[in-house]
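Have a look at the structure below before the remarks.
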Amino acid sequence: MGLGILRGLLATLGLSALLISTAIMLAGPSATSLAFEHLYAVATGWRGPLTPAWPPTMDSELRFYAPLFAAFGVVALMVARNPRGRLGLTPWLAGVFFAGGLGRALSWSAVGAPHPLFLVLMTIELVTPPVLVALWWTQRDDQV
């Protein structure tokens, strides 16, 4: 059962990374953020302000990083699809994902709170990696 949960989490992370990075590349980070903020407002009833348009330099930077996030997604999907021999990549994927959450926490500390959606994302990015590693730990003797 633990392997199934681990594979499901990795597949969800991988697919999410691919979808988000594709949206950022094609529509831009500002439009992508706005779309997800609207979904957040519909789901939660939140009535606060949306994030204003992002400056060109940030657009350029995030479109540069989007393929790197897509690569993370591809590796996560590879591990989820065929964990035998690849399960050892799980701690590395968890570490990268956790580092992303730490980056959000540093940003919050340095420049202030983002839209609440991004605080939810930060929480996911900080909580999910220990779960991934714990699940990996229970499976590693059988799969690696």
Which ³J(HN,Hα) values in Hz, rounded to whole numbers, follow from the phi angles of the range 45-51 under the Karplus curve 6.51 cos²θ - 1.76 cosθ + 1.60, where θ = phi - 60° and Gly and Pro get x? x, 4, 10, x, x, 8, 5
Through the Karplus equation 6.51 cos²θ - 1.76 cosθ + 1.60, θ set to phi - 60°, convert the phi angles of the range 126-139 into ³J(HN,Hα) values in whole Hz; use x for Gly and Pro. 9, 8, 5, x, x, 5, 4, 5, 4, 5, 4, 4, 6, 9
Scaled to the compact-protein estimate 2.2 N^0.38 Å, what is the alpha-carbon radius of gyration of the range 40-83, rounded to two decimal places? 1.76
Farthest towards the positive end of the dipole of the range 2-143, among Ala76, Gly101, Pro129 and with Cβ unit charges of +1 on Lys and Arg and -1 on Asp and Glu, lies the Cα of Ala76
Given the rule -39500 (n - 2.57) for each run of at least 4 DSSP H residues, summed and divided by the residues of the chain, what is its mean residue ellipticity at 222 nm, to the nearest 500 deg cm²/dmol? -29000 deg cm²/dmol
Mind checking the dipole of the range 2-143: about its Cα centre, +1 per Lys or Arg Cβ, -1 per Asp or Glu Cβ, Debye to the nearest 20? 260
The range 37-144: which trypsin sites (Lys or Arg not before Pro) are DSSP loop and have at most 14 other beta-carbon atoms within 10 angstrom? Arg47, Arg84
Evaluate the Kirkwood expression for the hydrodynamic radius of the range 2-143, namely the inverse of the mean inverse distance over all pairs of different C-alpha atoms, and round to one decimal in Å. 16.1
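Values quoted throughout were computed directly from the atomic coordinates according to the rules given, and no laboratory measurement underlies them. Small disclaimer: the values here were computed from a predicted structure and weren't measured. Cβ atoms come from the backbone with ideal geometry, glycine included; neighbour counts cover every protein chain shown.
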